[in-house]
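In what follows, a single structure is set out as structure tokens and then discussed.
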Amino acid sequence: MNITWFKDDTKPGQATLCESNITLNKIAIKNFEGFDSVLLGIDYPGKKIVIKPCKSNTPHSFKISIAPSYGRITNKEFMKEITKILDCSLTNPLKLETEWNSNDEILIINLKSKGGK
């Protein structure tokens, strides 16, 4: 018998974009453990959200609330800017895959993938 065992860590990280926050699943927040703040950035030409874990005393940082199975960053103004890039409302949450860039230690959410793959 040739069995390949399923590994739960093989599923991708996921971000859920709402009108007021970004919620990250357990896979997406694994590199944020030990941090209580993040830097939020936007790559306008690439249409990407960039999230970098940081210390709470960093200028322009935002709080990330981390629970056992998810993390949440709340900032209505940032999310308003994201709706402009997406050219759609976030009254219905939008789920997108995330990618961890270990070289830059940033989490990337590709907004161009909103139509699905």
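Structural remarks
- Backbone geometry of the stretch 60-72 corresponds, through the Karplus equation with coefficients 6.51, -1.76 and 1.60 at θ = phi - 60°, to 3J(HN,Hα) couplings of 6, 8, 10, 6, 10, 9, 10, 10, x, 10, 7, x, 9 Hz, x marking Gly and Pro.
- Dimensionless Rg/Rh of the stretch 44-101 - Kirkwood Rh, Rg from C-alpha atoms: 0.96
- Longest exposed-site-free window of the chain, the sites being GluC sites (Glu not before Pro) in a DSSP loop that have at most 15 other C-beta atoms within 10 Å: 34-104
- Kirkwood hydrodynamic radius of the stretch 2-117, Cα pairs, Å: 14.7 Å
- Percent accessible area from carbon and sulfur atoms, the chain, protein chains only, probe 1.4 Å: 50 percent
- Entries of K26/K55; K7/K63; K11/K48; K26/K63 with Cα pairs more than 28 Å apart: K7/K63
- Probing with 1.4 Å while keeping every protein chain in the model, the per residue accessible area of the chain equals 66 Å².
- Charges were assigned to the Cβ only: +1 to each Lys and Arg, -1 to each Asp and Glu. The resulting dipole of the chain about its Cα centre is roughly 220 debye.
The values are calculated or read from the model by the stated rules, or taken from the named source; none is laboratory data. Note that the structure is a prediction, hence the values are computed from the model and not measured. Please note: Cβ atoms are built from the backbone with ideal geometry, for glycine as well, and neighbour counts cover all protein chains shown. Just so you know, the surface numbers come from the protein's heavy atoms only, side chains and all, with ligands and any DNA or RNA stripped out. Shrake-Rupley method; radii C 1.70, N 1.55, O 1.52, S 1.80 Å.
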